[in-house]
Each structure stands twice: as structure tokens, then as C-alpha cells.
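The values are calculated or read from the model by the stated rules, or taken from the named source; none is laboratory data. Keep in mind the model is a prediction, meaning the values are calculated, not measured. A quick note on method: Cβ atoms are made from the backbone with ideal geometry, for glycine too, and the neighbour counts reach across all protein chains shown. The accessibility values were calculated without ligands, DNA or RNA, using every heavy atom of the protein model including side chains. Shrake-Rupley method; radii C 1.70, N 1.55, O 1.52, S 1.80 Å.
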Amino acid sequence: MAIEVRLTANLQRLAGGRRSVQVEGATIGEVLDRLDEMFPGIKASVLDNGRLHRFVNIYLNDEDVRFLQQLDTPVQDGDVVSILPALAGGDVGG
Amino acid sequence: MGVTVYIPTPFRRLTGNQVYVQAQGGTVREILEDLARHFPALANMIFDQQRHIPAHINVYLNNQEIHTLQGPETPVRDGDEVAIIPAIAGGQVLTPEQVLRYSRHIIMPQVGPVGQRKLLAAKVLVVGAGGLGSPAALYLALAGVGTIGIVDFDVVDLSNLQRQILHQNDDVGRPKTESARETILSYNPDVNVVIHDGPLTSDNAMEIIPQYDVVVNGADNFTTRYLVNDACYFAGKPLVDASILMFDAQMTVFMPGRGCYRCLFPSPPPPGAVPSCAEAGVLGALTGVIGSLQAVETIKLILGIGEPMVGRLLLYDALAGEFRMVKLRRDPACPLCGDEPSITQLIDYEGFCGAPFPGRHE
């Protein structure tokens, strides 16, 4: 068992096109560390000086980790972590 | 709890432009009395001098006219809906053609003739006649939403036709608002299409948005997205919000005071950090799924039925074939709708987002 991390749209590019990755870790922060070892650069697009970018949300199952313990939020086997950047598109333009 | 009362368009100026208000009481009469206490100007409309309900006002309890029940003494329960419908109020009576056209809606008790009249009396603003705005505006038009406003500054480009179903081959080069109006009217001539040809900006947002009951967001850039969020909050209008990229979509409904886009994403990414649909692409049919869902949520809000998608963010991953819901909370520290707001009027969105309003400097 492990943690399943789901990546949205543009973050998938940094993970070689993968939408879902299994990693080990005890907290959200550790999950991001493992992820960055596998796909260098992911952490930089999610964190800013060790804190979550304000245009990126991380959900532990269905809860925003900003309302839990941020990067210190503990995770367990079987949890689903979703990384969700703000999307602009309503697709008006060309 | 209490009873929800639907206020018809001509009376809304007496209720601070609220479409639905809450009232307390055990019978329909007590509900109307409570309403009259809170909105004294409304009292003259719903009661005559003998304190009777005038003959030209029909009152419905859960879509049933109260004279088919126990009249004003009909008991009400928490969660019931009372609708006040003036018999003659500018085209609010359904014509035989309308009864036929909307028969598949009217036959459902959740809509009924009262609901259909609410739709015909409703005013919805669609921001952007693009990927999301196209299906949203079209389904709202088919449903008989009486007034649909369309804001767009752009002209139709050939590359739009992979998904923007308001526009067709012969429309390339025409203003999108013009093409949108023509398409909508060809589907349903009942609709009053109001076009706002030009970009939505801080200069016009508070003139345009307060004219509508619900706003559907199909903006394709963060500058407009934050502007629409803030303006809807200040105008007290529900915002049916969605955004898409590649094979992914996010969607929710923001009710003023119950969380906003700034609670979800406190600030925009630096320009270029998140690609646009033009840069990264978007699956055409995905815009149809999400724009149609925006129409569904808008219709629910107008009818006051079901559970609006408030406090929940829908994530659709088209490649995985998966819909998921995550929680969306009002952030007490939100600068707009939090406990100690620092944003009390529209701000400089171009500076905040580091990008101009598209179309403004063309």
C-alpha cells in the first residue's frame, strides 16, 4: 500500500504525462519530497519557500490541506492526495 | 430553517433585489405577514386594505396554487417554498406555444408552470461566448431563460469551431456576441439576448452584473476571473464558476458569503505559470460537459430546487473518466468575504494578476 497522488493538467507534464503516481510518505510534505525525487521540478511548481503556492491547492481525500495541518498533515496508506493548480480557462479565445 | 419565498421580478426592488427570501410562520398567511413585516413596501403589493390577498396575486405552495389547498390558511412546514406570482406581469402568462415548447419541463413537479415562469422571468449573464459559455447559454436559452446577457470582445476564429457551438463556419470574423445572439434566437425566439460587446473591466462590471440574477463564468483568464468573482460578491449575485484545461475541469457555485474564488485560490499564478487553452489545448467535448453542468446549476438556482453545488468543488478528469468532489470552504482570512475583509471595492485586477484584460488594449 501507499499514497496515490493525482496530478492535474499541466503538472502531468512534469511527471512524464502520468496522471496518477504511487508514493510512500507519512505527511503531505514527505509525499512531495518523494514525488520530487521521482520527477524533479514538481516541488518547485507547488511550493514557494517551503509553503504552498497560493494558486495551488492540495487535497487529502476531499479536504483542502490548508484547513488541516498544511504540509505537516499526516497521511495513511490508501489516502488519495490531489494537487490542483488554478486553471484559467473558460476557453473564450483562440 | 423556515419557508423560502420566491419574489417575482416586478417586486424585487422591494426586497433589495433578492429572488428568494426566508420567512417564518405556520400558514401561508403567516408567511406573507412575516414578509410584510420585513419588507413594508411589499405589504401594499401582497395585501389589500382589508388585509386580503388581492385577486390578481396568485400564491403557490410548492407549485400548487393555494386555493386548490386551504387558501391562506394552508399550513406550511420548514423547507416549503411559497411563490408569489402576479397574474399580469409583462408576459408572465404562458402562451399555448410556450406550454408546448416547455412541456417536458412543465410536466415535472419540480418545475411546473410556476417554475417555467420563473425561468422566463430570469436574467442570466454569461461571461464569454466561448467553450463554456456556448453550451451554457444555449441550454439556458432552450430552457426559456427570459434574458440572457452575453459579454465578449472577440471575433469568431476558425480555431474556435472545434468546440464553441454558438458559432458556425460562416461566422468566422464576426463579433462573437453577434453570432451568439443569432444562434440563440434561431433556437428560441422567446429569449431576450442582451449583448455587451467589449471586455468586462473594473469600469463596467458593477454596471452590468447587478442587472442579472445569476452569473455564469466562462472567462479564459485570471484577470477577468478575479474581477467577476469580486463583482458578483459585491453585487450579491450567485456565480456559477468553471474552468478547464486539456482534459481537466473544475467547477463550483459561489454564493455570496459562503466562499468565493479567493477562498479557493487566494492569488493567481504568475503570468505564464499555468498555460491557457490556446497554449496547452482543450478537449472540445469537455467544454460541452462542463458548460452544460453550468446551465444545470443555473437552472436549479433560478427554480430554487435541489442542492446547489455550493461548498463543493467538482473535479472532472476526462481521461480517467472520473468525477470527484472536494470540499470548498469559506476562508475566514479571505480578503474579500472573510471576517476582516481588506477588499471593499473592485481593485486593479491587471496589476493583481500581472496581465491586462484581454481585448482591452486592442
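Structure data summary
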read-out	value
Total residues in region B:342-354, condition assigned to a loop (DSSP other than H, G, I, E, B) and open to solvent by less than 30 Å² (accessible area, probe 1.4 Å)	1
Answer residue from region B:151-182, given it is within 30 Å of B:F234 (Cβ to Cβ) and hydrophobic (A, V, I, L, M, F, W, C) and is modelled with the lowest pLDDT among those	B:F153
Selection within region A:42-69 - open to solvent by 30 Å² or more (accessible area, probe 1.4 Å) and more than 25 Å from B:F352 (Cα to Cα)	A:N61, A:D62, A:L68, A:Q69
Single condition B:T68 does not satisfy, out of (1) within 24 Å of the chain's Cα centre (by Cα); (2) farther than 30 Å from B:T183 by Cα; (3) without any contact (Cβ under 8 Å) to a residue 60 or more places away in the chain	(1)
Check on A:D33, open to solvent by 20 Å² or more (accessible area, probe 1.4 Å) and modelled with pLDDT of 90 or more	yes
Members of region B:246-271 that are of a type in the set (A, V, I, L, M) and under 19 Å from B:F323 (Cβ atoms)	B:M246, B:A249, B:M251, B:V253, B:L264
Residues (part of a strand (DSSP E or B) and either buried (at least 23 other Cβ atoms within 10 Å of the Cβ) or at the interface with chain A (Cβ under 10 Å from one of its Cβ atoms) (or both)) located in region B:141-155	B:I148, B:I150, B:V151, B:D152, B:V155
Region B:93-144 - residue that is among the hydroxyl-bearing types (S, T, Y) and touching a residue at least 40 places away in the same chain (Cβ under 8 Å) and, of those, nearest to B:Y6 (Cα to Cα)	B:Y102
Only listed residue being farther than 25 Å from B:A355 by Cα, touching a residue at least 60 places away in the same chain (Cβ under 8 Å) and among the hydroxyl-bearing types (S, T, Y), chosen from B:T201, B:T183, B:T147, B:T223	B:T147
Extreme residue, nearest to B:L125 (Cα to Cα), among residues of region B:156-183 that are touching a strand residue (DSSP E or B) at 6+ places or on another chain (Cβ under 8 Å) and open to solvent by 70 Å² or more (accessible area, probe 1.4 Å)	B:R181
Candidates B:L138, B:L100, B:L120 - the one that is touching a Phe, Trp or Tyr at 6+ places or on another chain (Cβ under 9 Å), at pLDDT 90 or above, open to solvent by 30 Å² or more (accessible area, probe 1.4 Å) and not in a loop (DSSP other than H, G, I, E, B)	B:L120
Residue within region B:3-18 that is open to solvent by 80 Å² or more (accessible area, probe 1.4 Å) and over 22 Å from the mean Cα position of the chain (by Cα) present	no
Only listed residue being more than 9 Å from chain B (Cβ to nearest Cβ) and of a type in the set (F, W, Y), chosen from A:F67, A:F39	A:F39
Region A:27-54 residues that are farther than 23 Å from B:P270 by Cβ, paired with ones that are basic (K, R) and assigned to a helix (DSSP H, G or I) (beta carbon under 8 Å, 6 or more apart)	A:D33/A:K43
Given (1) surrounded by 24 or more Cβ atoms within 10 Å (Cβ to Cβ); (2) within 10 Å of chain A (Cβ to nearest Cβ); (3) of a type outside the set (F, W, Y); (4) more than 16 Å from the chain's Cα centre (by Cα), index of the condition B:D241 fails	(4)
Residue, nearest to B:R262 (Cα to Cα), within region B:207-238, restricted to residues that are hydroxyl-bearing (S, T, Y) and open to solvent by 10 Å² or more (accessible area, probe 1.4 Å)	B:Y233
Test: residue in region B:101-124 that is within 13 Å of chain A (Cβ to nearest Cβ) and under 22 Å from B:T252 (Cα atoms)	no
The lone exception for B:L185 - which of (1) over 23 Å from B:P238 (Cβ atoms); (2) within 13 Å of chain A (Cβ to nearest Cβ) it fails	(2)
Helices (runs of 4 or more DSSP H) completely within region B:256-341 that count 2 or more residues being open to solvent by 40 Å² or more (accessible area, probe 1.4 Å) and within 11 Å of chain A (Cβ to nearest Cβ)	B:277-280
The listed residue being without any contact (Cβ under 8 Å) to a residue 40 or more places away in the chain and under 14 Å from B:K118 (Cα atoms), out of B:V5, B:V19, B:V59	B:V59
Single condition B:M251 does not satisfy, out of (1) buried (at least 16 other Cβ atoms within 10 Å of the Cβ); (2) assigned to a helix (DSSP H, G or I); (3) more than 10 Å from every other protein chain (Cβ to nearest Cβ)	(2)
